[in-house]
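Notes follow once the structure below has been shown.
The values are calculated or read from the model by the stated rules, or taken from the named source; none is laboratory data. Model, not experiment: these values are computed from the prediction. As a convention, Cβ positions derive from the backbone with ideal geometry for all residues, glycine included, and neighbour counts pool all protein chains shown. Accessible surface is based on the protein model in full, side chains and every heavy atom, while ligands, DNA and RNA are left aside. Shrake-Rupley method; radii C 1.70, N 1.55, O 1.52, S 1.80 Å.
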Amino acid sequence: MTASAETRTSIVWDYAPAPESADHIRLKDRYGLFVGGEFRDPADGRYEPTINPANEEPIAEVAWAGPGDIAAAVESAREAQPKWAGLRELERAKYLFRIARLIQERARELAVVESMDGGKPLRESRDVDIPLAAAHFFHYAGWADKLHYGVNAREVAPLGVVGQIVPWNFPLLMAAWKLAPALACGNTAILKPAETTPLTALLLAEICQEAELPPGVVTILPGNGETGAALVRSKQINKIAFTGSTAVGRDIQAALAGQDTKLTLELGGKSANIVFEDAALDQAVEGIVNGIFFNQGHVCCAGSRLLIQESVRDEVIAKLWQRMRRLRVGDPLDKNTDVGAINSAEQLERIEVLVAAGESEGATRRTIECELPDRGYWFAPTLFTDVSPAHRIAVEEIFGPVVSVLTFRTQAEAIEKANNSRYGLAAGIWTDKGAKAFEVASALKAGVVWQNTYNHFDPTAAFGGYKESGFGREGGPAGLRPYLQVIR
Ligand code: NDP
């Protein structure tokens with residue numbers, strides 16, 4: 001006799017630990033700066049440890065660039081640029097293809113290092129970050145000899161040397177988003193990884209060596225915010241591409257005001273995920289979970305404002321809470337883990353401050369009960385209901401596994417509430433009606449709108465925001481334009 005549906009769904013399935021082995025990792029004790037095609041000690045910088053946020057253990061020492069190092073790096077990138085731009089376009093493409101293939105070959109190692117350095121679940125680094133990083137190099141390798149077609153048949157030239165500053169939430173993927181189009185267009189690039197996650201960028205430097213990329217085409221300068229600020233202010237740079245917080249984006253924009261340095265900014269978000277009453281609710285709940293708990297919510301386009309139509313509010317919240325209680329929080333290297341470690345002590349503190357504000361402003365908090373490891377930085381998935389649009393948790397980017405629920409009655413109210421944000425990066429729409437989805441999508445001021453899905457990325461599609469989420473697009477042919485000047 002088969003058990004009833006109720007009995008079957010009440011069974012709690014336990015998982016045995018399934019840790020990925022880290023034995024195959026070939027990390028060095030120390031990584032220098034990657035300048036002129038080789039690793040070198042910092043001349044006026046220093047070495048700092050990078051730690052594993054899941055256990056607070058140091059993984060390796062990494063060089064931080066000082067002002068003299070930045071000047072030397074810019075000189076090397078300037079020297080290399082005309083030769084790189086002068087290569088036959090198909091030759092440039094070959095290097096990008098090679099890098100993509102080498103990322104694939106070293107995918108397992110890169111995934112483990114990404115999870116160790118950043119805290120994200122291995123399932124995500126293995127299935128999302130690393131394959132997408134390779135896909136970006138493949139995609140832009142294909143564009144290298146077709147730039148002309150990517151910009152409406154205009155005659156184009158590279159900008160020169162570009163400075164690229166990336167955050168810690170998708171370290172290798174953000175590096176690929178930035179480097180691949182810049183190189184395809186004939187620029188040389190100086191990349192500054194985030195302070196807490198430099199390792200996969202340094203492995204990418206090794207890959208550039210293996211691919212025999214000409215020296216100076218890619219430079220990797222780890223460091224802290226000061227390194228980023230000094231790179232921005234370096235006089236010989238033709239363009240800055242930045243992904244990170246709105247506050248730092250603003251600072252960079254002010255520093256470059258009045259200069260002939262091009263700029264693209266991909267900043268924060270407080271994206272609305274809108275669930276209409278006619279949606280397939282079980283599917284929507286999966287999308288809500290993926291929208292906010294993917295990568296611990298450290299995602300610029302996270303669906304952190306959940307807008308639910310009032311008629312299905314209780315049902316959606318009940319299903320969501322049931323689903324959340326089954327999320328597995330813990331060791332990022334365990335293949336069963338859904339939610340890994342928070343990237344740093346500072347980020348954990350920011351999340352805690354905003355969650356405390358949510359409680360003190362009167363929202364109702366529910367956090368799943370789970371056993372958290374003794375060491376490392378952790379925050380269990382949290383749901384806030386009774387949230388008003390003025391609450392800080394409905395307005396500010398939390399960048400953690402915390403979702404704030406608001407409700408609406410009509411389509412017009414959903415649009416108004418979704419657009420009531422200083423950000424405009426992404427949105428999700430859950431409905432069974434195609435026409436409604438298109439109508440709502442065209443009324444939303446958001447750079448990316450997903451329909452009946454969330455957090456899906458593809459190198460062929462443009463990504464970027466409106467308002468305080470920044471400007472400029474990355475991905476697809478639109479991602480070429482910020483790295484080119486139109487001659488005629
Ligand atoms: P930041 O904006 O400070 O960091 C992003 C990158 O910029 C890092 O490489 C950082 O270096 C560098 N940087 C820091 N200060 C400067 C500066 N003055 N000039 C140039 N570069 C600089 O983000 P945080 O890591 O401090 O995170 C803070 C908040 O920002 C998060 O809580 C989240 O809300 C938001 N954020 C949004 C992201 C997004 O994708 N939209 C990504 C990351 C954060 P370093 O790491 O060494 O400080």
Any chance the stretch 398-414 includes a residue that's open to solvent by 20 Å² or more (accessible area, probe 1.4 Å), within 16 Å of the ligand (Cβ to nearest atom) and modelled with pLDDT of 95 or more? yes
Among the residues of the stretch 314-351, write down those that are within 17 Å of LEU383 (Cβ to Cβ) and within 16 Å of the ligand (Cβ to nearest atom). ILE351
Every pair of residues 6+ apart whose Cβ atoms lie under 7 Å, when the first sits in the stretch 197-223 and is open to solvent by 10 Å² or more (accessible area, probe 1.4 Å) while the second is away from the ligand (no atom under 16 Å from the Cβ) and not aliphatic (A, V, I, L, M): GLN209/GLY37; LEU213/TYR95; PRO214/LYS83; PRO214/TRP84; PRO215/GLY36; PRO215/GLY37
Residue that is surrounded by the most Cβ atoms within 10 Å (Cβ to Cβ), among those in the stretch 149-178 that are more than 16 Å from the ligand (Cβ to nearest atom) and at pLDDT 95 or above: VAL161
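Please determine whether any residue of the stretch 364-383 is in a helix (DSSP H, G or I) and under 25 Å from the mean Cα position of the chain (by Cα). Even if it seems obvious, please write down each step before you answer.
Pass one, the stretch 364-383, residues in a helix (DSSP H, G or I): none.
Checked against the condition, which is being in a helix (DSSP H, G or I) and under 25 Å from the mean Cα position of the chain (by Cα), the stretch 364-383 yields no hits at all.
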Of all residues in the stretch 46-67, which are touching a residue at least 24 places away in the same chain (Cβ under 8 Å) and more than 16 Å from ALA194 (Cα to Cα)? ALA54, ASN55, GLU56, PRO67
Return a yes/no flag: does the stretch 387-408 have any residue that is part of a loop (DSSP other than H, G, I, E, B) and basic (Lys, Arg). no
Lone unmet requirement of (1) open to solvent by less than 50 Å² (accessible area, probe 1.4 Å); (2) outside any loop (DSSP other than H, G, I, E, B); (3) not polar (S, T, N, Q) for GLU359: (1)
If you scan the stretch 316-333, which residues turn out to be crowded, with 21+ Cβ neighbours inside 10 Å and of a type outside the set (A, V, I, L, M)? GLY330, ASP331, PRO332
Checking LYS83 against (1) basic (Lys, Arg); (2) farther than 30 Å from ASP374 by Cβ; (3) modelled with pLDDT under 95, only one condition comes out false. Which one? (3)
Selection from the stretch 32-64 of residues that are among the small types (Gly, Ala, Ser) and not in a strand (DSSP E or B): GLY32, GLY36, GLY37, ALA43, GLY45, ALA54
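When you look at THR382, is it among the β-branched types (Val, Ile, Thr) and surrounded by fewer than 21 Cβ atoms within 10 Å (Cβ to Cβ), yes or no?
Values: among the β-branched types (Val, Ile, Thr): yes; surrounded by fewer than 21 Cβ atoms within 10 Å (Cβ to Cβ): no.
Here the answer is no, as THR382 does not meet what is asked.
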Test ASN273 against the criterion of being within 24 Å of GLN485 (Cβ to Cβ) and not small (Gly, Ala, Ser), and give yes or no. no
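Each row is one residue, and each column tells you yes or no for (1) open to solvent by less than 30 Å² (accessible area, probe 1.4 Å); (2) of a type in the set (Phe, Trp, Tyr); (3) under 28 Å from the mean Cα position of the chain (by Cα).
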{"site": "LEU33", "(1), (2), (3)": "yes, no, yes"}
{"site": "GLU38", "(1), (2), (3)": "no, no, yes"}
{"site": "ILE51", "(1), (2), (3)": "no, no, yes"}
{"site": "GLU57", "(1), (2), (3)": "no, no, yes"}
{"site": "ALA72", "(1), (2), (3)": "no, no, no"}
{"site": "ALA80", "(1), (2), (3)": "yes, no, no"}
{"site": "GLU91", "(1), (2), (3)": "no, no, no"}
Output the number of the condition that THR382 fails; it satisfies all remaining conditions of (1) more than 16 Å from the ligand (Cβ to nearest atom); (2) out of contact with any Asp or Glu (no Cβ under 9 Å at 6 or more places or on another chain). (1)
Collect the residues in the stretch 228-237 that are open to solvent by 10 Å² or more (accessible area, probe 1.4 Å) and in contact (Cβ under 8 Å) with a residue 24 or more places away in the chain, keeping them in residue-number order. ALA229, ALA230, SER234, GLN236
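Please tell me if SER404 is assigned by TED's automatic domain parsing to the domain that holds ARG305, under 30 Å from VAL353 (Cβ atoms) and hydroxyl-bearing (Ser, Thr, Tyr). Break it down into steps so the answer makes sense when it comes.
On the way: assigned by TED's automatic domain parsing to the domain that holds ARG305: yes; under 30 Å from VAL353 (Cβ atoms): yes; hydroxyl-bearing (Ser, Thr, Tyr): yes.
Taking the combined requirement at face value, the residue satisfies it.
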Answer with yes or no whether ALA184 is within 8 Å of the ligand (Cβ to nearest atom) and either in contact (Cβ under 8 Å) with a residue 24 or more places away in the chain or charged (D, E, K, R) (or both). no
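Given the structure, is THR227 of a type in the set (Ser, Thr, Tyr) and either near the ligand (Cβ under 9 Å from one of its atoms) or within 18 Å of CYS300 (Cβ to Cβ) (or both)? Walk me through how you get there before you give the answer.
Values: of a type in the set (Ser, Thr, Tyr): yes; either near the ligand (Cβ under 9 Å from one of its atoms) or within 18 Å of CYS300 (Cβ to Cβ) (or both): yes.
Answer is yes for this residue.
Checking the condition within 24 Å of LYS445 (Cα to Cα) and within 20 Å of the chain's Cα centre (by Cα), which residue from LEU307, LEU333, LEU348, LEU265 passes? Outline the logic, then answer.
Details: LEU307 fails: within 20 Å of the chain's Cα centre (by Cα); LEU333 fails: within 24 Å of LYS445 (Cα to Cα); LEU348 fails: within 24 Å of LYS445 (Cα to Cα).
Step by step, each of LEU307, LEU333, LEU348, LEU265 is checked, and only LEU265 is within 24 Å of LYS445 (Cα to Cα) and within 20 Å of the chain's Cα centre (by Cα).
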Kindly indicate whether any position in the stretch 131-147 is farther than 27 Å from GLY340 by Cα, in a helix (DSSP H, G or I), free of Cβ contacts under 8 Å to residues at least 60 places away in the same chain and open to solvent by 20 Å² or more (accessible area, probe 1.4 Å). yes
Which ones in the stretch 240-294 are charged (D, E, K, R) and either buried (at least 24 other Cβ atoms within 10 Å of the Cβ) or within 13 Å of the ligand (Cβ to nearest atom) (or both)? ARG250, ASP251, GLU266, LYS270
